[in-house]
Amino acid sequence: MLFDERPKERKEDLFDREKEVSALVRNIRRPLIVITGVRRIGKTSVLLVGLNEAKENFILIDFRKLKENYGRKDLYSLFSSALSSKLGYLQDVLKKVKGIGIMGNYVEIKWGGRNYLSLTDLFDKLNEKRLIIAMDEAQKLRGPISKEVKEAIAHAYDYDRNLTFILTGSEVGLLHELIDVEIKTLPFSEDTISK
Ligand SMILES: Nc1ncnc2c1ncn2[C@@H]1O[C@H](COP(=O)(O)OP(=O)(O)OP(=O)(O)O)[C@@H](O)[C@H]1O
Ligand SMILES: [Mg+2]
């Protein structure tokens, strides 16, 4: 049998985890939710199934795609792709933003130069519409740019009522003081496994 290594996306494919998924759906309007747990435990699966169940508009950024020595350009390119995937919903908001270019189906956020758009400003603009911003593998954010992301989330937490951030990671430290809801993805008990 071929074992599928990828995270599950559909509720039917996810064994157990009803508690975690329903906690995510129930809290989906809170500003900041974190899904924690050790490697390969099912964090991304809980995130994806929860997002599908919540039936709200979301963008998903996988920080695992960042190289070791990533720069602002790499980070912005991830945000740009994520926004491009929701262009139908976000176009009317994005087209008004000076630091954002839309070419066909592709969004480009200016990462430097004259029309540079800070993440804080980006979040303030996105706040015009209800949006969930999911960030998978948030612990991959390190160095000076991670500070920028954290500060932008902290700002959005206070001012951008239409935005919800969902972060997953195996390390909790991130934004600790702001976290509203922590969904712990724990190992199934031996009891559960032996049934
Ligand atoms: N509850 C579950 N039911 C079925 N398969 C699961 C379940 N939880 C995890 N898996 C499977 O285990 C693997 C790891 O899951 P997933 O990628 O969601 O975990 P993760 O915690 O995000 O892992 P990583 O630490 O690599 O990011 C995947 O192949 C996924 O399909
Ligand atoms: Mg994962």
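Scanning the range 35-65 for residues that are surrounded by fewer than 22 Cβ atoms within 10 Å (Cβ to Cβ), closer than 16 Å to F165 by Cα, within 12 Å of ligand 2 (Cβ to nearest atom) and β-branched (V, I, T) returns a single hit, T36. Restricting attention to the range 132-143, does a residue exist that is of a type outside the set (A, V, I, L, M, F, W, C) and at pLDDT 90 or above? Checked the range 132-143: at least one residue is of a type outside the set (A, V, I, L, M, F, W, C) and at pLDDT 90 or above. The C-beta contact set for the range 49-64 (first residue of a type in the set (A, V, I, L, M, F, W, C), second residue within 11 Å of ligand 1 (Cβ to nearest atom) and part of a strand (DSSP E or B), distance under 9 angstrom, 6+ apart or interchain) comprises L60/D136; I61/D136; F63/D136; F63/G169. Residues in the range 5-19 that are touching a helix residue (DSSP H, G or I) at 6+ places or on another chain (Cβ under 6 Å) and either among the aliphatic types (A, V, I, L, M) or under 19 Å from P187 (Cβ atoms) (or both): P7, K8, L14, R17. Residues of the range 84-109 that are in a loop (DSSP other than H, G, I, E, B) and either touching a residue at least 40 places away in the same chain (Cβ under 8 Å) or open to solvent by less than 90 Å² (accessible area, probe 1.4 Å) (or both): S85, K86, V97, G99, G104. Determine whether the range 137-146 contains at least one residue that is charged (D, E, K, R), buried (at least 16 other Cβ atoms within 10 Å of the Cβ) and touching a helix residue (DSSP H, G or I) at 6+ places or on another chain (Cβ under 9 Å). There is at least one residue in the range 137-146 that is charged (D, E, K, R), buried (at least 16 other Cβ atoms within 10 Å of the Cβ) and touching a helix residue (DSSP H, G or I) at 6+ places or on another chain (Cβ under 9 Å).
The values are calculated or read from the model by the stated rules, or taken from the named source; none is laboratory data. This is a predicted model, so every value here is computed, not measured. Glycine also receives a Cβ, built like all others from the backbone with ideal geometry; neighbour counts cover every protein chain displayed. Surface accessibility is based on the protein's heavy atoms, side chains included, excluding ligands, DNA and RNA. Shrake-Rupley method; radii C 1.70, N 1.55, O 1.52, S 1.80 Å.
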